[in-house]
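Each remark here refers to the structure printed beneath this line.
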Amino acid sequence: MMDKLYNPMLMKEMKLRFRSFKSFSGLLFYLAVLCIFITGFVLIATDFKGHGYIEPTMSYGLFVLLSIVQMALVMFITPGVTAGAISSEREKQTLNILLTTTQSSAQLIIGKLLSSIAFIVLMLVAGLPIYSLVFLFGGVSPSQMITTFAFYFVTLVAIGSIGIFFSTITKKTIVAMIATYGAMIFLGAITAFLFFVSMIMTQSGVAPIVGGYLAYLFAAINPGALIITLTTPELTQVFQEMTGVTLPVWITYLAFYSTITVCCLTGAIKKLRTNMKTQR
Amino acid sequence: MIEITGLTKRYGDFYALNDLHLTLGDGVVFGFVGANGAGKSTTFSILATLLSPTSGDALINGKSVVREPAAVRKEIGYMPDFFGVYDQLKVDEYLDFYGASYNLKASERKKLIPELLALVNLTDKRYEYVDLLSRGMKQRLCLARALIHDPNVLILDEPASGLDPRARVEMRDIIHRLKDLGKTVLISSHILPELAEMCDEIGVIDNGTLIAHGNVAQIQAELQGDAHIFVELSYGLEEARAFFERNPLVSAMFVDHAAMQLQFSFSGTKVEQTELLREAMLADLAITSFTEQKKDLEDVFMAITKGADLA
Ligand SMILES: Nc1ncnc2c1ncn2[C@@H]1O[C@H](COP(=O)(O)OP(=O)(O)OP(=O)(O)O)[C@@H](O)[C@H]1O
Ligand SMILES: [Mg+2]
């Protein structure tokens with residue numbers, strides 16, 4: 001049984017990853033960013049006096065802020081961790097050898113994905129103590145925290161799959177990296193912009209119904225918007241009235257990102273040994 | 001057992017490999033020789049299931065590289081012409097990783113690694129980082145890696161390139177040992193004499209076409225072409241020249257007055273050569289020596305590949 005579950009690629013990747021300085025510095029960067037935001041927030045909340053108190057509503061604000069920052073970091077770091085998965089093997093000329101072993105394409109791709117996920121999860125866990133500062137001030141329930149983390153997980157798996165997909169179909173890591181960050185910009189920024197455009201469409205009465213649906217759709221695939229709807233139920237109410245869609249955003253989000261994950265992974269698995277299939 | 005039938009690889013209009021037919025029995029060491037771009041690596045990549053042929057097929061121990069590549073991968077150990085290593089891995093971890101990639105059990109791997117390292121003389125490097133090894137050591141390590149799942153067929157693309165003379169000899173010894181273990185070994189190289197020393201059979205490929213196949217002696221005879229003959233005389237150089245030029249099998253006459261020597265190509269058989277010499281003696285030519293200059297394998301290789309460049 002253990003032998004069945006054992007994925008050599010995963011083991012190798014973990015070894016390589018945790019031995020490299022890059023991973024260490026990535027983790028350091030992540031924790032530093034979290035610290036900077038928390039310190040800044042606490043300083044503002046206490047009027048830079050170094051003493052005083054934080055109201056529970058304030059601390060809830062901190063929670064929302066941190067959740068969004070963390071999501072942004074996940075979107076920023078995951079491409080860097082996964083976009084080199086296959087293409088760096090290709091660049092290092094180790095891929096050929098790998099492809100002649102009896103590992104199936106699926107095993108190789110899944111091993112790569114799992115090792116990337118493991119690293120980012122480690123990062124999230126390492127940030128947990130900092131994140132938990134919000135509990136100190138009250139106002140946040142553990143279940144909210146768990147939900148938020150669950151959605152980080154969904155998001156990072158999807159982004160990781162996008163990265164691995166691009167890494168498989170491109171020759172160079174740098175190209176895969178750019179493509180993956182491009183996808184991040186689309187999911188994070190362009191959808192937000194389009195959301196506002198469609199919102200204006202509804203508000204101005206040009207196309208109230210279609211505009212509402214579009215606004216809902218763009219918000220539902222935007223990780224930032226998801227975090228906001230998850231953490232601030234009041235806003236969700238307003239949002240539902242404006243778009244006219246009552247289906248909770250997180251359901252659409254989950255469906256969309258699961259589909260991305262499945263499509264990208266299937267694509268990557270199909271394309272890994274592409275020379276064997278195409279060019280007939 | 002390897003059976004290649006009509007293997008063709010085309011890139012656009014360019015045939016990297018054109019209708020290759022080749023059958024190799026078990027335990028044969030086969031040398032594949034050809035100039036740069038002749039199609040050696042293309043052939044080996046197809047056999048290693050890395051590249052699909054445009055047409056044709058190859059059976060390795062009865063498994064088709066086109067239809068059942070996964071089964072073929074169990075049968076072969078492949079060493080590419082260019083390969084890299086992971087930079088944060090030690091030698092034994094490197095072998096362990098590939099062993100695991102062939103689904104070997106941890107206990108088997110533990111047992112195999114020292115054996116393989118001993119085979120390629122890397123025992124004392126077991127706990128060093130792979131990327132710190134010298135090129136020749138990496139090459140030997142890669143060979144050990146290709147052997148880890150005990151494949152019957154080894155496909156080695158230029159295993160000796162970049163090795164010093166001593167390492168070449170060692171590589172040759174390793175290949176002899178593999179042959180003794182009953183493995184079929186395919187080796188490619190640019191250097192015909194080197195292959196001749198370690199191979200039972202040799203195939204010469206040029207511009208994607210197999211132009212000769214056989215044992216070393218056969219290849220030499222097949223590719224030799226015209227004999228190059230030197231005749232030395234004590235006197236009567238012009239007379240001798242006129243005599244030899246009358247023979248239709250003689251061509252490319254060169255007269256060296258200073259050395260009292262004639263050089264020409266002779267396209268006849270050995271018997272015809274004897275006949276020519278006898279007639280020359282009967283014609284009262286003052287011949288002091290009549291020799292055929294032996295072309296070595298290097299010259300043979302140069303001759304074929306030069307022909308290829310012009311084409
Ligand atoms: N992807 C490709 N697209 C177009 N042509 C290719 C491609 N790959 C290889 N070729 C061509 O196929 C021919 C055969 O290449 P191959 O690598 O098999 O040669 P080789 O005999 O191994 O040469 P060398 O001794 O230099 O290693 C070359 O002319 C090469 O340019
Ligand atoms: Mg080659």
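The values are calculated or read from the model by the stated rules, or taken from the named source; none is laboratory data. Small disclaimer: the values here were computed from a predicted structure and weren't measured. Because the Cβ atoms are built from the backbone with ideal geometry, glycine has one as well, and the counts that use them run over all protein chains shown.
Has the range B:97-109 got at least one residue that is under 25 Å from B:LEU163 (Cβ atoms), facing chain A (nearest Cβ under 9 Å) and of a type in the set (Phe, Trp, Tyr)? The answer is yes, given that some residue of the range B:97-109 is under 25 Å from B:LEU163 (Cβ atoms), facing chain A (nearest Cβ under 9 Å) and of a type in the set (Phe, Trp, Tyr). Restrict the check to the range B:4-25 and report whether at least one residue is without any contact (Cβ under 8 Å) to a residue 24 or more places away in the chain, at the interface with chain A (Cβ under 9 Å from one of its Cβ atoms) and within 16 Å of ligand 2 (Cβ to nearest atom). So far as the range B:4-25 goes, yes, one or more of its residues are without any contact (Cβ under 8 Å) to a residue 24 or more places away in the chain, at the interface with chain A (Cβ under 9 Å from one of its Cβ atoms) and within 16 Å of ligand 2 (Cβ to nearest atom).
A:ILE120 meets all of the listed conditions (1) buried (at least 17 other Cβ atoms within 10 Å of the Cβ); (2) within 14 Å of chain B (Cβ to nearest Cβ); (3) free of Cβ contacts under 8 Å to residues at least 60 places away in the same chain but one, namely (2). Just one of the listed residues (B:GLY77, B:GLY37, B:GLY56) is touching a strand residue (DSSP E or B) at 6+ places or on another chain (Cβ under 6 Å), within 16 Å of ligand 1 (Cβ to nearest atom), assigned by TED's automatic domain parsing to the domain that holds B:HIS213 and among the small types (Gly, Ala, Ser), namely B:GLY56. When restricted to residues that are buried (at least 17 other Cβ atoms within 10 Å of the Cβ) and under 30 Å from B:LEU156 (Cα atoms), the range A:93-117 contains 15. Scanning the range B:242-253 for residues that are surrounded by fewer than 12 Cβ atoms within 10 Å (Cβ to Cβ) and either part of a strand (DSSP E or B) or more than 38 Å from the chain's Cα centre (by Cα) (or both) gives B:ALA242, B:ARG246, B:ALA252. Scanning the range B:182-232 for residues that are surrounded by fewer than 17 Cβ atoms within 10 Å (Cβ to Cβ) and small (Gly, Ala, Ser) yields B:GLY182, B:GLY214, B:ALA217, B:ALA221, B:GLY225.
Can you pull out the residues in the range B:64-92 that are facing another protein chain (nearest Cβ under 8 Å), buried (at least 19 other Cβ atoms within 10 Å of the Cβ) and over 26 Å from B:THR43 (Cα atoms)? B:TYR86, B:LEU89, listed by residue number.
Only helices (runs of 4 or more DSSP H) whose full extent lies in the range A:1-55 are considered here, and the ones with at least 1 residues that are within 14 Å of another protein chain (Cβ to nearest Cβ), out of contact with any strand residue (DSSP E or B) (no Cβ under 7 Å at 6 or more places or on another chain) and modelled with pLDDT under 85 are A:2-5. State all residues of the range B:138-156 that are more than 9 Å from chain A (Cβ to nearest Cβ), closer than 16 Å to B:ARG73 by Cβ and of a type in the set (D, E, K, R); if no residue qualifies, say none. Of everything in the range B:138-156, just one residue is more than 9 Å from chain A (Cβ to nearest Cβ), closer than 16 Å to B:ARG73 by Cβ and of a type in the set (D, E, K, R), namely B:ASP150.
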